[in-house]
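Peer 1: Questions regarding the structure given below will be posed in turn.
FYI, it's all coordinate maths here, none of it is from the lab. Remember, it's a predicted structure, so these values are computed and weren't measured experimentally. Methodologically, a virtual Cβ is constructed for each residue, glycine included, from the backbone with ideal geometry; neighbour enumeration extends over all protein chains shown.
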Amino acid sequence: MQEQWPRALLRATLIEAGYDAIGARTCEEALRTPVAVADRGPVRLLLIDAAVLRTPGNCETLARRMTGAARVLIAPAAGPRAPNSWNRIIRRPTSIGDVVREIQSLVPLGESATGSV
């Protein structure tokens, strides 16, 4: 239960910054989220915590489904090198503010830009 609080705070901070942030605890749950929804732009960012990659699921299927979306991985400070399929790798320790700044640099909001992260 405690692991949901940082995720909820990140989502709330992204919404406050103007993003349409959708959250999921697992890749399986994220796969059930529609890619296209009326009154929403396309999904423009896929942010995954490395811990999710260690659990059984369809993270590769999710990544293939999100073609055109930037991919960001939040990973431990020390650990194996991540594959080059990520646009950015954010290493822990990090703050919610640091993650939001990385997202803003990858997926900037323009005056008419809409999209889900």
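Peer 1: Please verify whether LEU10 is within 11 Å of the chain's Cα centre (by Cα) and crowded, with 16+ Cβ neighbours inside 10 Å, treating the condition exactly as stated.
Peer 2: yes
Peer 1: Please tell me if CYS27 is more than 16 Å from PRO108 (Cα to Cα) and in contact with a strand residue (DSSP E or B) (Cβ under 7 Å, 6 or more places away or on another chain).
Peer 2: no
Peer 1: Looking at region 4-36, which of its residues are more than 18 Å from ASP98 (Cβ to Cβ) and either in contact with a Phe, Trp or Tyr (Cβ under 6 Å, 6 or more places away or on another chain) or without any contact (Cβ under 8 Å) to a residue 12 or more places away in the chain (or both)?
Peer 2: Passing the criteria: ALA24, GLU29, ARG32, THR33, PRO34, ALA36.
Peer 1: Criterion first (outside any loop (DSSP other than H, G, I, E, B), surrounded by 11 or more Cβ atoms within 10 Å (Cβ to Cβ) and in contact with a helix residue (DSSP H, G or I) (Cβ under 9 Å, 6 or more places away or on another chain)) does ILE22 satisfy it?
Peer 2: No; evaluated as a whole, the condition is false for this residue.
Peer 1: Look through GLY18, GLY68, GLY41 and report the one residue that is touching a strand residue (DSSP E or B) at 6+ places or on another chain (Cβ under 9 Å), among the small types (Gly, Ala, Ser) and at positive phi.
Peer 2: It is GLY68.
Peer 1: From ARG40, ARG32, grab the single residue that is of a type in the set (Lys, Arg) and more than 20 Å from GLY110 (Cβ to Cβ).
Peer 2: ARG32 is the lone residue from the list that is of a type in the set (Lys, Arg) and more than 20 Å from GLY110 (Cβ to Cβ).
Peer 1: Okay, next question. Of all helices (runs of 4 or more DSSP H) completely enclosed by region 28-117, which ones contain at least 1 residues that are within 14 Å of the chain's Cα centre (by Cα), under 17 Å from ARG7 (Cα atoms) and among the acidic types (Asp, Glu)?
Peer 2: Here the list reads 96-106.
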